[in-house]
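See structure below.
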Amino acid sequence: MEACVSHDAALRWLLGNPNPLATGQGHPCADALPSRAPTDEEADALAHAAGAQTVDVLVRDKSGMRKTDRLHAHLETRTLPGRSLIRMEAFTICSPELVFLQVAATSDLLETIACGYALCSAYRLDASARGGVRIREHGDAPLTSTQRIAHYLELCDGVRGVARARRALRYVVDNSFSPMESGIAMCLSLPLNLGGHALGDVVLNPKLKVRVGTDAHGRRVYETRRPDLLVTRALPTGERRQAAVDFDSVAVHSSRRDHARDAARRNELQSSLGMPHFTLTGSQATDYVAFCRFIDLVRISLGQRRKDFSRGGGEGDRKRLENVRHRQFELWLRFVSGAARAIGR
């Protein structure tokens with residue numbers, strides 16, 4: 001059966017399975033779209049193979065289009081750039097870069113940004129794993145990166161969705177370890193008009209070299225620390241301030257040993273790199289008032305004043321503040337409080 005899985009069905013499959021290019025399960029191929037959509041019997045088999053209730057597919061001829069409860073066919077008449085498809089044994093699937101463009105053509109900007117975080121992440125969805133995610137390692141690898149998506153979009157001028165995809169990609173960060181990390185990063189870094197708090201640039205799971213003491217011979221001892229998020233803000237004076245943030249969903253259940261370890265990590269980052277190290281608990285993340293208080297602590301450490309737009313005291317300023325606060329709440333509601341309903345689930 002010739003079929004090319006696309007759009008939402010492709011997104012779900014890619015995010016829920018090992019990277020087919022890294023594992024050798026698939027290989028990139030040139031434009032090889034079928035002229036017709038699968039029959040009902042073929043669609044049932046394809047949906048089962050793709051693990052989807054309803055499967056999206058690409059076809060190159062309008063005459064081959066069809067739509068049923070189990071099948072959504074999408075017309076694609078242009079010649080696709082190289083490496084747009086991945087051929088596997090059971091079916092062909094759109095590449096992560098093409099899927100990102102398809103999402104941008106059918107979703108709003110925030111959904112596209114969140115999709116970009118997921119496609120460029122270091123995790124895959126796995127209901128059997130703790131927290132519902134599994135790190136891509138031991139032969140697995142991230143599906144794509146912001147750099148690879150940017151290169152692909154350069155080949156797609158004039159294609160539907162490419163303008164939104166390019167705009168969204170500016171806000172995507174590589175290497176998220178979970179949907180919650182992605183949501184927190186979006187809240188911290190996105191501009192106010194998109195619902196973020198605009199605290200600075202975010203890097204996810206960076207490797208930081210910290211000094212932890214000296215050995216018996218008086219030589220400095222260094223170790224690697226990896227906070228979930230590193231926020232960097234450039235002040236008007238030219239000074240650069242940083243803050244490390246960890247998300248601990250089970251902090252309330254942590255042992256005394258865990259608390260001692262976390263305290264030691266905070267001390268190491270502060271003494272070696274001169275940066276504060278914050279821990280956001282699961283209960284704080286899912287309580288909006290507590291989450292905003294946490295954001296304020298990070299903001300203060302970065303030397304940023306809260307933008308309240310109220311100095312003039314006019315009706316326009318109050319309305320603008322109300323709109324900003326509403327967008328910030330909506331962003332938190334969708335991608336932090338609602339992280340369990342992650343992209344791809």
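Looking at the structure I just gave you, is residue 178 of a type in the set (S, T, N, Q) and either in contact with a Ser or Thr (Cβ under 6 Å, 6 or more places away or on another chain) or within 19 Å of residue 19 (Cα to Cα) (or both)? Please lay out each step first, then the result.
Details: of a type in the set (S, T, N, Q): yes; either in contact with a Ser or Thr (Cβ under 6 Å, 6 or more places away or on another chain) or within 19 Å of residue 19 (Cα to Cα) (or both): yes.
So residue 178 passes the test.
The set of residues from segment 224-237 being modelled with pLDDT under 95, open to solvent by less than 80 Å² (accessible area, probe 1.4 Å) and over 11 Å from residue 203 (Cα atoms) comprises 225, 234, 235. The condition of being modelled with pLDDT of 95 or more, out of contact with any strand residue (DSSP E or B) (no Cβ under 8 Å at 6 or more places or on another chain) and closer than 19 Å to residue 144 by Cβ holds for only one of 94, 120, that being 120.
Listed here are the residues, each with its yes/no results for (1) closer than 12 Å to residue 3 by Cβ; (2) touching a helix residue (DSSP H, G or I) at 6+ places or on another chain (Cβ under 8 Å); (3) open to solvent by 50 Å² or more (accessible area, probe 1.4 Å); (4) of a type in the set (Val, Ile, Thr).
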position: 37; (1), (2), (3), (4): yes, yes, no, no
position: 43; (1), (2), (3), (4): yes, no, no, no
position: 63; (1), (2), (3), (4): no, no, yes, no
position: 69; (1), (2), (3), (4): no, no, yes, no
position: 73; (1), (2), (3), (4): yes, yes, no, no
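Taking segment 45-59 as the range and being modelled with pLDDT under 95 and either within 22 Å of residue 115 (Cβ to Cβ) or open to solvent by 60 Å² or more (accessible area, probe 1.4 Å) (or both) as the test, the residues that pass are 47, 48, 50, 51, 52, 53, 54. Across segment 1-35, the number of residues qualifying as over 25 Å from residue 139 (Cα atoms), modelled with pLDDT of 95 or more and open to solvent by 60 Å² or more (accessible area, probe 1.4 Å) comes to 1. The set of residues in segment 101-120 that are open to solvent by less than 10 Å² (accessible area, probe 1.4 Å) and outside any helix (DSSP H, G or I) contains only 120.
In this structure, does residue 317 turn out to be at pLDDT below 95 and in a helix (DSSP H, G or I)? Taking the combined requirement at face value, the residue satisfies it. Residues in segment 134-162 that are closer than 23 Å to residue 334 by Cα and in contact with a helix residue (DSSP H, G or I) (Cβ under 8 Å, 6 or more places away or on another chain): 146, 161. Of all residues assigned to segment 132-144, at least one qualifies as being without any contact (Cβ under 8 Å) to a residue 60 or more places away in the chain, under 28 Å from residue 198 (Cβ atoms) and not hydrophobic (A, V, I, L, M, F, W, C). Please determine whether any residue of segment 136-147 is modelled with pLDDT of 95 or more, charged (D, E, K, R) and out of contact with any Lys or Arg (no Cβ under 8 Å at 6 or more places or on another chain). No: segment 136-147 contains no residue that is modelled with pLDDT of 95 or more, charged (D, E, K, R) and out of contact with any Lys or Arg (no Cβ under 8 Å at 6 or more places or on another chain).
The values are calculated or read from the model by the stated rules, or taken from the named source; none is laboratory data. Here the structure is a predicted model, which is why all the values come from computation and not from measurement. Positions of Cβ are backbone-derived with ideal geometry, glycine not excepted, and every protein chain shown enters the neighbour counts. Ligands, DNA and RNA are excluded from the accessible area calculation, which covers all protein heavy atoms including side chains. Shrake-Rupley method; radii C 1.70, N 1.55, O 1.52, S 1.80 Å.
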